[in-house]
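The values are calculated or read from the model by the stated rules, or taken from the named source; none is laboratory data. These numbers come from a predicted model, not from an experiment. Here the Cβ is made from the backbone with ideal geometry for all residues, glycine too, and neighbour counts use every protein chain on show.
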Amino acid sequence: MDFNYNEEQLALQDTLRRFISKDYGFEQRRALAKSADGFSRDHWRQFADLGILALPFPEDFGGLNGNAVDSMLVMEMLGRGLVLEPYLATVILCGGLIRDNGSQVQKEALLPAIAGGELLMALAHYEAGGRYETRHVATGAKADGDGFVLNGTKAVVLAGAAAGKLIISARTSGAPNDLDGISLFLVEHNAPGLTVRSYATQDGARAAEINLANVRVTGDALIGAQGAALPMVERACDYAAAALCAEAVGAMAALNEVTLEYLKTRKQFGQPIGRFQALQHRMVDMVVATEQARSMATLAAVKADSADALERRRAVSAAKAYVGQSARGVGQAAVQLHGGMGVVDELNVSHYFKRLTMINATFGDADHHLGLFSDMLLAA
Amino acid sequence: MDLNFTSEEQAFRAEVRRFLDARLPADLSGKVHGGKRLQKDDFMRWQKILHQQGWGATMWPTEFGGTGWNAVQQHIFEEECADACAPMQLPFGLRMVAPVIMAFGNKAQQDYFLPRIVSGEDWWCQGYSEPGSGSDLASLKMRAERVVATEGDHYIVTGQKTWNTLGQYADWIFCLVRTSTEGRQQEGISFLLIDMKTPGITVRPIIMLDGEHEINEVWFEDVKVPAQNLVGQENKGWTYAKFLLGHERTGIAGVGRCKRLLKDLKAMARREMANARPLIEDQRFRDRIAQVELELMALEVTNLRVLSAEGKKHAPGPESSILKIKGSEIQQTLTELMMQALGQYALPWLPEALDADWRGVPVGADYAAPLSGHYFNFRKTTIYGGSNEIQKNIIAQMILGL
């Protein structure tokens, strides 16, 4: 057993840490969050130069052949910096889906473009009324000549407006909650009939509602086998959930540092408030929760690449539930320990708190994953 | 022991309902129910309607223009107002400065200020916390130097207050000021009433984590305040301050508001879907609703017990800290569950949708837009009015003698 990062991983971690402290100050981030895109394309080019956009892809397609632990390391650093660029949507979700399920032609066309920073992508899968159920797809794809016609609406698509190409799930057969019949399609952002309503999210990023009105795609837009996409989507969403766990751990660790500093410097009743035992214990609880969350995130990362779907889902749901609970507790405690300063926009505390809250609400909240894990006990 | 409402109390409840049906403007209740931003005029309009009915100050004795209602009547009134989605009556005038003026102010102050509060003519705000004095309020530094002059004595006030709620609208601010640096720090504090139009006062917004402008910093630079605006005695302000905080805490329980939130949460859980079934059929989520309902049932009875024991004449005691702790926690749980019920639709941030005039298409359900912001905003409830850590210190020291 070895819990240490290797030399290459440590070097990457160091590089990202330097990027965040130099180019991702709180005020710089604030300006980005308010900009039209909500992120910086310059940063994205820097990400390409650093190699993190190529990290999880095979070398044959311009990648660096990294594993899920490498991705976790990147996500943790992005969490520390509250990074807004759509790394999860483009590299983890869509890159992962193409890598695992795409045809040779699709991989050649897309993975090098993602790795080089030229292509941003988004996965349009979840729908209103489906909550976090991956199998809930009401959007329809009707066969039409050699292609398909898509109709439906997709909910809260992360980075939906920034994406040059979208991966959209739709039913080629069956009813909205059937396991079979879901297919994945590659769709251009400017396809006729596709409309994107973009909005800011509570944590400063961007998402979109995507409407499909008779959007026509050719047969080669299909990713993987027709009607058999649910396991692909589940795997991609598990991979994303594991990545979010790592991001949350990075954000929690940074938030703990900020809070500890506040306890040491803020004075009331003639002494630093960190002298008060009630507050010391609360701070200790935050640190313990973060260490436990880090362990769970590590477990999820190691199992995220597992070929055994059950083993993967068990670890990911356990981690997403646990990290979600920890993120909630740490975020709320950090705000409380900062007092009034915790609920103002001016300090990064509330921004970490909001990001942690939204991480919990994305790809299944703590209760959802606790339910999945709990149901697996019955099956075992 | 009888926990039922008497027939008189039931008749009273019916009377309050009839009044709300007839007089609460639909646009106001619509704004409150929809979580829209309330403007100054919305609060003032409702206060004036209540005043016309003679119900402007339900927590005041009749001699000062209040209704003289007992604890149960006040509870019924607040519950019905919250259920009908009436705008909240802001506490700064009615519940905070008014009891201090009644108990410690002189006749001239009572005659001038109290009628203007109950009528909704004056908007009051609070000048307590300072950047260096939050939980340790008694360390406050804002100076008030008394100047003896032939045209009348006055104070020159210099310093800074913070966490001032809605002071951007205020006509008056009540302030704790330092009039002496000798002896214990609690013994050099005075309670001053200051006209917000006085030269030298600057109000600077503090944007909260939900992006809203609800609180301010207030700067005082050589602000001249007539000595007649001193409440009670110089250097006795700490006694009045603690008296006021006790009144603030009882209002904080907010049982009526919690009941309304719970009702809305249940309605949402019937509309939101999970696994192709209404969310309320999800045992895990339903248990969370049930658990917070238990807490609220307990708080409602505790609230009535505490208020009844105090009677009308006494200031709230340290028991009010219990109400503050549980009330704030329940409000936080309810707002959190409402956000959680939205699932991924907790993410969209549409501040424009909080404008009453907004006619855009909602993202997700029509009730979704304000809910994450409410959750974030309500983190303040365990911090303000004396943080819950401070409340626990009060219980430990004042009730338990630890």
- Note on the structure: Taking the range A:192-205 and the residues there that are more than 10 Å from every other protein chain (Cβ to nearest Cβ) and surrounded by 19 or more Cβ atoms within 10 Å (Cβ to Cβ), the one that is farthest from A:Arg41 (Cα to Cα) would be A:Leu194
- Message: So for the range B:287-295 (the condition being within 13 Å of another protein chain (Cβ to nearest Cβ) and over 28 Å from B:Gly386 (Cα atoms)), does at least one residue qualify?
- Response: yes
- Could you look through the range A:218-248, keep only residues that are surrounded by fewer than 22 Cβ atoms within 10 Å (Cβ to Cβ), part of a strand (DSSP E or B) and not polar (S, T, N, Q), and pick out the one that is farthest from the other protein chains (Cβ to nearest Cβ)? A:Leu222
- Scan the range B:47-96 for residues that are aliphatic (A, V, I, L, M), at pLDDT 95 or above and over 17 Å from the mean Cα position of the chain (by Cα) and report the count. 3
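Results for (1) within 14 Å of another protein chain (Cβ to nearest Cβ); (2) basic (Lys, Arg); (3) surrounded by fewer than 17 Cβ atoms within 10 Å (Cβ to Cβ), shown as yes or no for each residue.
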site: B:Gly183; (1), (2), (3): no, no, yes
site: B:Leu192; (1), (2), (3): no, no, no
site: B:Pro199; (1), (2), (3): no, no, yes
site: B:Leu209; (1), (2), (3): yes, no, no
site: B:Val225; (1), (2), (3): no, no, no
site: B:Gly237; (1), (2), (3): no, no, no
site: B:Gly246; (1), (2), (3): no, no, no
- Message: Any residue that is assigned to a helix (DSSP H, G or I), over 20 Å from the mean Cα position of the chain (by Cα), more than 22 Å from A:Leu377 (Cβ to Cβ) and touching a residue at least 40 places away in the same chain (Cβ under 8 Å) - is there at least one of those in the range A:289-309?
- Response: yes
- Message: Among the residues of the range B:97-120, are any modelled with pLDDT of 95 or more, among the charged types (D, E, K, R), in contact with a Lys or Arg (Cβ under 9 Å, 6 or more places away or on another chain) and under 18 Å from B:Ile49 (Cα atoms)?
- Response: no
- Task: Determine if the range A:328-337 includes at least one residue that is over 24 Å from the mean Cα position of the chain (by Cα) and assigned by TED's automatic domain parsing to the domain that holds A:Leu255.
- Result: yes
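This table checks each residue for (1) within 14 Å of chain B (Cβ to nearest Cβ); (2) in contact with a helix residue (DSSP H, G or I) (Cβ under 8 Å, 6 or more places away or on another chain); (3) among the aliphatic types (A, V, I, L, M).
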| site | (1), (2), (3) |
| --- | --- |
| A:Ala309 | no, yes, yes |
| A:Gly329 | yes, yes, no |
| A:His338 | yes, yes, no |
| A:Met341 | yes, yes, yes |
| A:Leu347 | yes, yes, yes |
| A:Met358 | yes, yes, yes |
- Please enumerate the residues belonging to the range A:154-191 that are buried (at least 23 other Cβ atoms within 10 Å of the Cβ), small (Gly, Ala, Ser) and within 18 Å of A:Ala128 (Cβ to Cβ). A:Ala155, A:Gly160, A:Ser169, A:Ala170
- Message: Being more than 14 Å from chain A (Cβ to nearest Cβ), in a helix (DSSP H, G or I) and in contact (Cβ under 8 Å) with a residue 40 or more places away in the chain: is that true of B:Arg116 here?
- Response: no
- Go through the range B:211-223 and give me each residue that's within 9 Å of another protein chain (Cβ to nearest Cβ) and surrounded by fewer than 16 Cβ atoms within 10 Å (Cβ to Cβ). B:Gly211
- Item | Which listed residue is of a type in the set (Val, Ile, Thr) and closer than 28 Å to A:Gln28 by Cβ, from A:Val335, A:Val316, A:Val284 | A:Val335
- Query: Residues of the range B:351-367 being at the interface with another protein chain (Cβ under 10 Å from one of its Cβ atoms) and in contact (Cβ under 8 Å) with a residue 24 or more places away in the chain, which ones?
  - Reply: B:Pro351, B:Ala365
- Considering each of B:Ile101, B:Ile49 in turn, give the residue that is over 17 Å from B:Trp172 (Cβ atoms) and part of a helix (DSSP H, G or I). B:Ile49
- Whichever residue in the range A:114-134 is touching an Asp or Glu at 6+ places or on another chain (Cβ under 8 Å) and farther than 22 Å from A:Pro56 by Cβ and, among such residues, is nearest to the other protein chains (Cβ to nearest Cβ): A:Arg131
- Message: Against the conditions (1) more than 30 Å from B:Met1 (Cα to Cα); (2) hydrophobic (A, V, I, L, M, F, W, C); (3) surrounded by 16 or more Cβ atoms within 10 Å (Cβ to Cβ); (4) more than 10 Å from every other protein chain (Cβ to nearest Cβ), where does B:Ile330 fall short? Just the number, please.
- Response: (1)
- Task: With the checklist (1) under 14 Å from the mean Cα position of the chain (by Cα); (2) in a helix (DSSP H, G or I) in hand, flag the one item A:Glu108 doesn't pass.
- Result: (1)
- Lone qualifier among A:Tyr322, A:Tyr352 - being surrounded by fewer than 24 Cβ atoms within 10 Å (Cβ to Cβ), in contact with a helix residue (DSSP H, G or I) (Cβ under 6 Å, 6 or more places away or on another chain) and either part of a helix (DSSP H, G or I) or more than 7 Å from every other protein chain (Cβ to nearest Cβ) (or both): A:Tyr322
